[in-house]
């Protein structure tokens, strides 16, 4: 089946530093990947849609200069949280479309804590 | 009004019980309906997928979609402690692009 690997699973960083999160499709090519943010007891919030070889499409209210997305290959998308602040602390999850038409596979998520 | 409404629970049931989880939605264009299971600190995993109205059964899980009422359900029979997780409903339509609309998730605990 389709597998999406997300790394790291947990990261703690100091305020003002940048953090990169990787999302890889292991056994399929993902032309489109999605980045979500999830707050405790809240729904997944779509941040941006990442297409291989082109600029990401950001949802309203998401700062594209703060959340840099790169989708340089068919199997890798990265999310960089720049100049992180404590309010950026959250659970970030990627997903990729692969396999069947409805088969959106999620990564295991990254818990970011900014101190 | 949110696109998708889901009771966050928490829901606590004894082992062996039948669990009913539900979502309502407002967008009549939604046609694809999914249920995801999310364990703590993990990404969601797809449990059930249904297109349009009807029922779908997979082992102990049954998904129902009633488009006329804009209401979907997930039933878990003979619930097990390993079913303890958060269950998220998700849906999209042909004209909503690739974007999924998620419920907030229902936290379920199955007590041995």
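Values quoted throughout were computed directly from the atomic coordinates according to the rules given, and no laboratory measurement underlies them. What you see is a predicted model, and the numbers here were worked out from it, not measured in a lab. With ideal geometry, Cβ positions are generated from the backbone for all residues, glycine too; neighbour counts draw on all protein chains shown.
Residue-wise test of (1) in contact with a strand residue (DSSP E or B) (Cβ under 8 Å, 6 or more places away or on another chain); (2) farther than 14 Å from residue A:32 by Cβ; (3) more than 14 Å from every other protein chain (Cβ to nearest Cβ).
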{"site": "A:49", "(1), (2), (3)": "yes, no, no"}
{"site": "A:62", "(1), (2), (3)": "yes, yes, no"}
{"site": "A:66", "(1), (2), (3)": "yes, yes, yes"}
{"site": "A:69", "(1), (2), (3)": "yes, no, yes"}
{"site": "A:75", "(1), (2), (3)": "yes, no, yes"}
{"site": "A:81", "(1), (2), (3)": "yes, yes, yes"}
{"site": "A:84", "(1), (2), (3)": "yes, yes, yes"}
{"site": "A:91", "(1), (2), (3)": "yes, yes, no"}
{"site": "A:96", "(1), (2), (3)": "yes, no, no"}
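For every residue, the table says whether it meets (1) closer than 24 Å to residue A:96 by Cα; (2) without any contact (Cβ under 8 Å) to a residue 12 or more places away in the chain; (3) crowded, with 17+ Cβ neighbours inside 10 Å.
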site: B:13; (1), (2), (3): no, no, yes
site: B:21; (1), (2), (3): no, no, yes
site: B:31; (1), (2), (3): yes, no, yes
site: B:35; (1), (2), (3): yes, no, yes
site: B:43; (1), (2), (3): yes, yes, yes
site: B:47; (1), (2), (3): yes, no, yes
site: B:85; (1), (2), (3): yes, no, yes
site: B:91; (1), (2), (3): yes, no, yes
Query - Which numbered condition residue B:42 fails, given (1) within 14 Å of another protein chain (Cβ to nearest Cβ); (2) in contact with a strand residue (DSSP E or B) (Cβ under 8 Å, 6 or more places away or on another chain); (3) in a loop (DSSP other than H, G, I, E, B) - result: (2)
Report task. Could you please find all residues in the stretch B:57-79 being surrounded by 15 or more Cβ atoms within 10 Å (Cβ to Cβ) and either within 17 Å of residue B:19 (Cβ to Cβ) or in contact with a helix residue (DSSP H, G or I) (Cβ under 9 Å, 6 or more places away or on another chain) (or both)? Result -> B:61, B:62, B:63, B:64, B:72, B:73, B:74, B:75, B:76, B:79
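Any residue at all in the stretch A:105-112 that is in contact (Cβ under 8 Å) with a residue 12 or more places away in the chain, within 24 Å of residue B:36 (Cβ to Cβ) and in contact with a helix residue (DSSP H, G or I) (Cβ under 9 Å, 6 or more places away or on another chain)?
So the first thing to find is which residues in the stretch A:105-112 are in contact (Cβ under 8 Å) with a residue 12 or more places away in the chain, and the list is A:105-112.
Of the ones still in play, those that are also within 24 Å of residue B:36 (Cβ to Cβ) are A:105-112.
Filter once more, keeping what is in contact with a helix residue (DSSP H, G or I) (Cβ under 9 Å, 6 or more places away or on another chain): A:112.
Yes, that holds for at least one residue.
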**Report entry** Within the stretch B:82-112, tally of residues that are more than 12 Å from every other protein chain (Cβ to nearest Cβ), touching a strand residue (DSSP E or B) at 6+ places or on another chain (Cβ under 7 Å) and in a loop (DSSP other than H, G, I, E, B)
**Finding:** 1
